[in-house]
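Working notes, structure below.
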Amino acid sequence: MTKAIDKLIKDIDENDWKNQIDLNKTRTDADNVHSDGFYFFDINIHRTMILIEFQDGEATVVWAGTHQEYETTFKNNRNTIKKWFMETQFNISELIDAGKIQSELDFERALIADRKLRILSKENPRYKTVRKKLRDLIEQYESQHWSADSKISDEKLLESDVAEFLAEKERLFIQRRKELIRKKLKNLNLTQQDFGKILGHQSKSYMSELMNGVSPFSLKDLIVINRLLKIELVDLVPTILSQSEIVKIRTTIKKLDNPKLKLSKDDLVIA
């Protein structure tokens, strides 16, 4: 196993892959499962699979597991893989590319992102275009699910309440993280833009997106922030689960009927 992973790391380091054709010349096991550069690599031993994102010349491990775990999580379905990314992290580019808001949680996140983009638009006019696309999706979702003609059930209202709660917890987490990072940068006499260069992000506006939670930090970003700024990972990584997963876990725990295993409203959301 170790040799196979070392070989994958060596292949990544030694090759300047420009597209999937170049990649497959070196790694015939590479399977492009997402248009934004996500690839599964079959490590063979124990049928281990590693999902890697290639972005800005960097490779980040996003998921790893056995083939059986892959089937359980992604059900051998590329659409399920995309949905998994949408549920576990908010990425405005992903949402706009999808052309549709698909859940109450993403709807609430989009409303928060809209307010943030209004502020970011003052820094960079290009965000006006992004915000316009996002607002179109918000209006489309509202028209379909929350118009006067829509049949709004009690279940829909409950889903909306839970989504609003999760999105607000996430917003507060991101705000607290931003304040922690800025405080550390100030102590080190580093600007946000300079620190972005350390992370490999040359764009000032992109660093603003990351800091404000409009785009997600990569795992590599968070590790560097943890090591250089000495901020605990628990303060950097939002531990949010999708609503469907929370319901499944709570239902299973209820069936187990174990008095020692109890969950409060805040459990399984964000630490």
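I'm told I174 meets every condition in (1) more than 15 Å from the chain's Cα centre (by Cα); (2) assigned by TED's automatic domain parsing to the domain that holds P125 except one. Can you identify the failing condition by its number? Against the list (1) more than 15 Å from the chain's Cα centre (by Cα); (2) assigned by TED's automatic domain parsing to the domain that holds P125, I174 comes up short only on (1). Screening the range 12-26 for residues that are under 26 Å from the mean Cα position of the chain (by Cα) and outside any loop (DSSP other than H, G, I, E, B) and picking the one that is modelled with the lowest pLDDT gives Q20. Got at least one residue in the range 174-184 being under 13 Å from I112 (Cβ atoms), touching a helix residue (DSSP H, G or I) at 6+ places or on another chain (Cβ under 8 Å), surrounded by 13 or more Cβ atoms within 10 Å (Cβ to Cβ) and among the charged types (D, E, K, R)? Among the residues of the range 174-184, not one is under 13 Å from I112 (Cβ atoms), touching a helix residue (DSSP H, G or I) at 6+ places or on another chain (Cβ under 8 Å), surrounded by 13 or more Cβ atoms within 10 Å (Cβ to Cβ) and among the charged types (D, E, K, R), which makes the answer no.
Cβ separations smaller than 7 Å between residues 6+ apart or across chains give the following pairs from the range 213-227 residues that are assigned to a helix (DSSP H, G or I) to residues that are acidic (D, E): K220/E58.
For the range 99-136, residues that are buried (at least 16 other Cβ atoms within 10 Å of the Cβ) and out of contact with any helix residue (DSSP H, G or I) (no Cβ under 8 Å at 6 or more places or on another chain) total 1. Out of all the residues in the range 195-209, which are outside any loop (DSSP other than H, G, I, E, B), surrounded by fewer than 20 Cβ atoms within 10 Å (Cβ to Cβ) and touching a helix residue (DSSP H, G or I) at 6+ places or on another chain (Cβ under 8 Å)? I198, K204, S205, Y206, listed by residue number.
The values are calculated or read from the model by the stated rules, or taken from the named source; none is laboratory data. Computed from a predicted model, the values in this text were never measured in an experiment. Glycine gets a Cβ as well: all are built from the backbone with ideal geometry, and neighbour counts include every protein chain shown.
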